[in-house]
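Chemist: Below you will find the structure I want to go over with you.
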Amino acid sequence: MDAEVFVGIDVAKATLVIATLPAGTTAEIANTPEAIAAWLASVPTPPTLVVLEATGGYQAPVVATLALAQWPVVVVNPRQVRDFAKGLNRLVKTDRVDARILAEFAARVRPAPRPLPDAATLDLQALVTRRRQLLEMLTAERQRLAQARPPVRRNLRAHIQWLERRVDEADTDLGAHLRASPVWRERDDLLQSVPGVGRITAGTLLAQVPELGTLSRRQIAALVGVAPFNRDSGQWRGRRTIAGGRASARAVLYMAALVAVRHNRVLRAFYARLVEAGKPKKVALTAVMRKLLTMLNAMLKHRQPWSD
C-alpha cells in the first residue's frame, strides 16, 4: 500500500509555496498556469489531499488546475488554520511555515473535498459578489455625502447616481442569469415562493450555498453559520451563539427573516411564540433565520414549493 502524502500550498499573488508531508520538503513556484502545470507534471502520483487557504481569488488558478487533474483539493477558511496553528503553539509566520502548517492540517484534520463549482455557478457567484461590492461603495458614498463640505457634494451626488444605476444593472444581470438556466429557474422559483424570500436572497443562496437541498437540516445550518454552539463548563451554562459559516448567505437570510416575521404567516407566528416565551428579539430572529434556511433546504430537496 502506497504511503499517504499530504500537500499544503501557501498562496500569494505571484508565488506558491508548496510543502509536502511526510517528506517535509518545501518548494516555491510562480503562481502562473505554466509553472503550476510543470509542477503537476513533476509529481509521479496524486497526493492523498491538497489544502489551500482562501486568499481573495489568488488561489483560483491552482485550484482549477488541480481539479482538472482530478487531485483531491480543499480550500479552507484561514481562521481554521490559524486556530490549528495556535493549538500547536506555532507562532512563527512565514510563507514556508504557513505551507507546512497547511500540510499538517491536511494530514491531521483531513477536511473532505467537495465538488468545485462549474462555470455557470462561478459566473453567478461573480454577479452576486459584484452587486455586494457596488452596494458597499454606494453606502460609503452616501455616508460621505452626509458630512461632505459643499465643494465635493456635487461630485459625490454624481457618483451616487452612477452607482445606483450600476446596482440596478447588477440586479437585472443577476435575474437574467438565473432565468437562463432551466435548473436554476426551477430552484429560483421554489425559493421565491416563500414569503420573505426575494430575487436577491434566492440568487445569493444559489450562488453561495450550492449545497442547499443536498444536506440535512443540521448540516446546512452549520454550513451557513446559523447553528447555535454550546458554551458550557461544569455546571455553568453559557449563552448559545452562532459563529463561522458563510457571511454573505447569512446576511441575506437576516434581511429575509426581517421581512418574513412581518409577511410570512408561519414564521411570524414562530417568532411571536419565541418572544412571548421570553427570548430576546435578536435570539428569536436568529431562530427564524435557521428555520427559514431549513425550510428552504427541504423545499429544494423535495422540489416542493412553499405551502403554509
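The values are calculated or read from the model by the stated rules, or taken from the named source; none is laboratory data. Owing to the predicted nature of the structure, the values given are computational and were not obtained by experimental measurement. Methodologically, a virtual Cβ is constructed for each residue, glycine included, from the backbone with ideal geometry; neighbour enumeration extends over all protein chains shown. Ligands, DNA and RNA are excluded from the accessible area calculation, which covers all protein heavy atoms including side chains. Shrake-Rupley method; radii C 1.70, N 1.55, O 1.52, S 1.80 Å.
Chemist: Counting just the residues of region 51-71 that are in a loop (DSSP other than H, G, I, E, B) and either touching a Cys at 6+ places or on another chain (Cβ under 9 Å) or among the hydrophobic types (A, V, I, L, M, F, W, C) (or both), which one comes out nearest to ILE36 (Cα to Cα)?
Modeler: Applying the filter and picking the extreme gives ALA69.
Chemist: Additional query: Might you let me know whether region 22-38 holds any residue that is within 28 Å of ALA170 (Cβ to Cβ), of a type outside the set (Ser, Thr, Tyr) and part of a helix (DSSP H, G or I)?
Modeler: No, region 22-38 has no match at all.
Chemist: The conditions are (1) open to solvent by 90 Å² or more (accessible area, probe 1.4 Å); (2) at pLDDT below 90, and LEU66 fails exactly one of them. Which is it?
Modeler: (1)
Chemist: Answer yes or no as to whether ARG239 is of a type in the set (Lys, Arg), open to solvent by 60 Å² or more (accessible area, probe 1.4 Å) and at pLDDT below 90.
Modeler: Yes: the conditions hold for ARG239.
Residues are listed down the side, and each one gets a yes or a no for (1) at positive phi; (2) of a type outside the set (Gly, Ala, Ser); (3) part of a helix (DSSP H, G or I); (4) over 20 Å from the mean Cα position of the chain (by Cα):
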residue: GLU164; (1), (2), (3), (4): no, yes, yes, yes
residue: THR172; (1), (2), (3), (4): no, yes, yes, yes
residue: ARG187; (1), (2), (3), (4): no, yes, yes, no
residue: ALA202; (1), (2), (3), (4): no, no, yes, no
residue: LEU205; (1), (2), (3), (4): no, yes, yes, no
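Chemist: Scan region 96-113 for residues that are open to solvent by less than 80 Å² (accessible area, probe 1.4 Å) and in contact with a strand residue (DSSP E or B) (Cβ under 6 Å, 6 or more places away or on another chain) and jot them down.
Modeler: Residues satisfying the conditions are ASP98, ALA99, LEU102, ALA103, PHE105, ALA106, ALA107, PRO111, PRO113.
Residue by residue, here is whether (1) within 23 Å of the chain's Cα centre (by Cα); (2) assigned to a loop (DSSP other than H, G, I, E, B); (3) without any contact (Cβ under 8 Å) to a residue 12 or more places away in the chain holds:
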| residue | (1), (2), (3) |
| --- | --- |
| ALA249 | yes, no, no |
| ARG268 | no, no, yes |
| TYR271 | no, no, no |
| GLY278 | no, yes, yes |
| LEU285 | yes, no, no |
| LEU292 | yes, no, no |
| LEU296 | yes, no, no |
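Chemist: Pairs, please: C-beta under 9 Å, at least 6 apart or cross-chain, first residue at positive phi and in region 59-88, second of a type outside the set (Phe, Trp, Tyr)?
Modeler: Listed pairs, sorted by first residue: GLN70/PRO46.
Chemist: Any chance you could count how many residues in region 122-151 are more than 25 Å from VAL209 (Cα to Cα), in contact (Cβ under 8 Å) with a residue 12 or more places away in the chain and either of a type in the set (Lys, Arg) or surrounded by fewer than 15 Cβ atoms within 10 Å (Cβ to Cβ) (or both)?
Modeler: 2
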